[in-house]
Amino acid sequence: MSFSSPESTSAAGATPTRDPHRRPPHPLPAAPIWFSLPPGPCFIGPPRPIPIPMPPAMSPPPPHYHPRWPLLRPNPVWVNWALYVTHIRSAIRNQVEYYFSRENLIKDWYLRKHMDEQGWVEIGLIAGFNRVSRLTGDVNVVVDALRNSSVVEVCEDKVRRRGDWSKWASEGFGLLSRGKAIH
């Protein structure tokens, strides 16, 4: 048998001898008094909890939880409300001025058949048109937007083309009242 040990064999190989330069191992220190166990049966300790299997650390979130990236909110955008309102009013005015333009009235029988004998059209009708209703749902905003128009004029809750309104009213007026509405 060959063991690796600090002892070596003599030249004859019969008796092992100690290495004279090697010190013996230190004895273990004695346990402190407070470390001793009480007499009696062995103390096993409290029962260990049963481990519960956990999901993997990098599992994907449930399908209903998908935060938008980045998780930090972007800085709020400061809106100049006066500029925004001015822009909306300008867009409304431009759209209504187009409705009452010569180019549009030539082909827009729907608008012309809703004119009364003096060329007035209810602003509620105009406010209900898609392009105007996308800008605002408030008839009062439409009235305010049209007050400074050079193409149309406003009277209470009605609007008409400024200047040559009689040309368009005479051609379209009465179609609804006579029951001959053009489709």
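Read the figures in this text as sums done on the coordinates, not as results from a lab. Just so we're clear, the structure is a prediction, and the values are computed from it rather than from any experiment. Neighbour counts are summed over all protein chains in view; Cβ atoms, including those assigned to glycine, are modelled from backbone coordinates with ideal geometry.
Here region 82-172 is assigned +1 on the Cβ of each Lys and Arg and -1 on the Cβ of each Asp and Glu. Its dipole about the Cα centre then comes out at about 300 debye.
Using the Cβ-Cβ distance between W109 and L83 with R0 set to 25 Å, the FRET efficiency works out to roughly 0.10.
Below 14 angstrom from the Cβ of N94, what's the summed charge of the other residues (Lys, Arg +1; Asp, Glu -1)? Kindly include the intermediate steps, with their values, before the conclusion.
Values: positive: R89, R93, R131, R134; negative: E97, E103.
Net local charge, N94 excluded: +2.
With coordinates expressed along the principal axes, the C-alpha atoms belonging to region 82-172 extend over 40, 23, 23 Å, beginning with the largest.
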